[in-house]
Amino acid sequence: MKHKLLVSALLVPLLASCGNAGEVAISDYFALNGHDDILWHDGFRVLQLTDIHWSVNTDAEAQAAYLSRVVKEANPDFIMITGDSMMGGTASLGEKLLETIESWKIPYATTWGNHDREGEYSPSWLSQLWSKGAHSYYNEVDDDVFGRSNYVIPLVDPSTRKAVWNLYSIDSNSYPESFSGLYYDYDVIHDDQIEWFRKAAAYSTAQNGAVVPGIAYFHIPLYQWYYAYCDEVKNDAEPLIGEILESGSVTLSDPDIVKLYESVGKTADDIKSWTGYKDTGFFDAGVNNGVEGFFCGHDHSNDWGDVYQDDAGKAFIGYGVKSGTELYYAHSEKRGIDLIGGSLLTLKADKSYTIDHIYVSADGSAAITHEKVSVNL
């Protein structure tokens with residue numbers, strides 16, 4: 001059952017209220033699945049894995065070894081998995097994947113993608129599986145907010161016990177309820193989730209005495225991916241990192257995006273980011289509440305990222321690196337590498353961070369390539 005958030009005299013400004021089925025405190029979204037705080041240090045390393053896509057066709061031993069190579073190379077303090085870890089898999093395969101992740105003995109969490117729930121198991125079983133790991137910080141709050149993986153992981157200074165950074169997990173959901181089959185639409189981050197995010201960020205500010213910088217992790221890209229790409233084309237500019245190499249053209253139900261691409265000399269066939277079906281306003285809510293970077297997965301052949309600015313502010317937006325060879329992935333002729341591996345953030349105390357895209361070859365060779373950029377807004 002889902003519950004609304006608890007409203008008390010002290011916390012009214014800090015809480016969202018959604019639904020009619022019980023009460024949950026906003027602090028529950030900052031719970032850590034029974035674990036101690038994640039302790040911050042300057043240069044804290046967060047590895048993003050995404051689109052692992054284990055299925056009934058997966059060679060689990062080979063893919064487990066591949067993922068372990070990525071993790072060993074990255075040497076992270078925390079691992080955030082941004083959806084589509086499973087697609088058409090079995091319960092035993094899900095357990096094998098979690099066994100692999102647990103073997104690294106590194107704290108981790110996940111946000112769901114559009115394919116994770118497609119398998120011979122229920123969403124509740126999958127949530128319970130990810131919750132019970134010895135190193136899992138996954139936190140599914142029983143509320144009425146849309147989605148299943150909306151929560152916050154604070155990175156806490158060991159001396160002050162204040163959060164230095166927040167890692168926001170946001171469920172970008174799967175397919176819209178109005179999906180007709182005429183267009184291949186994906187769902188979005190819903191309005192009540194954005195309101196939840198604002199309340200969570202306000203609660204964090206109140207607890208820590210200042211706005212805490214954040215990184216937002218979710219699966220499906222936002223409309224800002226379109227806007228930023230068209231700005232690059234208009235200004236004849238290169239992205240900060242990566243490429244857009246999806247091979248199929250995206251069929252959108254929104255003609256305004258087609259017009260936007262045409263305004264910079266592109267056509268509908270050049271639209272290569274599979275976003276949700278509308279601009280929800282989550283980017284603006286994020287930058288207004290301290291989010292310094294927005295990171296997704298979903299589009300396996302894209303590892304692109306850039307700084308985007310609108311009237312609300314600016315932040316880095318971009319993809320992680322698809323993790324593993326399952327389903328499909330791209331090879332960059334320009335750079336001579338397979339676009340698979342992981343994306344490592346190194347977070348600094350001054351709100352800056354570096355992005356290190358780690359590309360681990362698919363052929364089992366020792367070839368590993370790093371591409372790094374710094375973000376200081």
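The values are calculated or read from the model by the stated rules, or taken from the named source; none is laboratory data. Small disclaimer: the values here were computed from a predicted structure and weren't measured. Positions of Cβ are backbone-derived with ideal geometry, glycine not excepted, and every protein chain shown enters the neighbour counts.
For this structure, a couple of remarks:
- Of the residues making up segment 331-355, those that are within 23 Å of L97 (Cβ to Cβ) and not in a strand (DSSP E or B) number 2.
- Selection of segment 145-176 for residues being within 19 Å of I189 (Cβ to Cβ), out of contact with any Asp or Glu (no Cβ under 8 Å at 6 or more places or on another chain) and in a loop (DSSP other than H, G, I, E, B) yields I170, D171.
- If you check G364, G336, G293 for being under 30 Å from V212 (Cα atoms) and not charged (D, E, K, R), only one passes: G293.
- Note on segment 305-326: residues that are part of a loop (DSSP other than H, G, I, E, B), over 18 Å from D84 (Cβ atoms) and of a type in the set (A, V, I, L, M, F, W, C) total 1.
- Tally of residues being under 20 Å from H298 (Cα atoms) and surrounded by 19 or more Cβ atoms within 10 Å (Cβ to Cβ) across segment 72-100: 12
- Yes/no for A134 being touching a Phe, Trp or Tyr at 6+ places or on another chain (Cβ under 6 Å), among the small types (G, A, S) and farther than 19 Å from L327 by Cβ: no
- Candidate set from segment 19-62 (those that are assigned to a strand (DSSP E or B) and β-branched (V, I, T)); member that is modelled with the lowest pLDDT: V24
- F146 under 17 Å from the mean Cα position of the chain (by Cα), of a type in the set (A, V, I, L, M, F, W, C) and under 14 Å from F294 (Cβ atoms): no
- Number of the exception - F295 against (1) crowded, with 22+ Cβ neighbours inside 10 Å; (2) part of a loop (DSSP other than H, G, I, E, B): (2)
- Residues in segment 221-277 that are of a type in the set (F, W, Y) and outside any loop (DSSP other than H, G, I, E, B): W225, Y226, Y227, Y229, Y261.
- Selection count where residues are of a type outside the set (A, V, I, L, M), in contact (Cβ under 8 Å) with a residue 60 or more places away in the chain and surrounded by 19 or more Cβ atoms within 10 Å (Cβ to Cβ), scope segment 247-276: 3
- When each of G43, G133, G34, G94 is tested for being touching a Leu at 6+ places or on another chain (Cβ under 7 Å), small (G, A, S) and closer than 26 Å to V164 by Cα, the lone residue that passes is G133.
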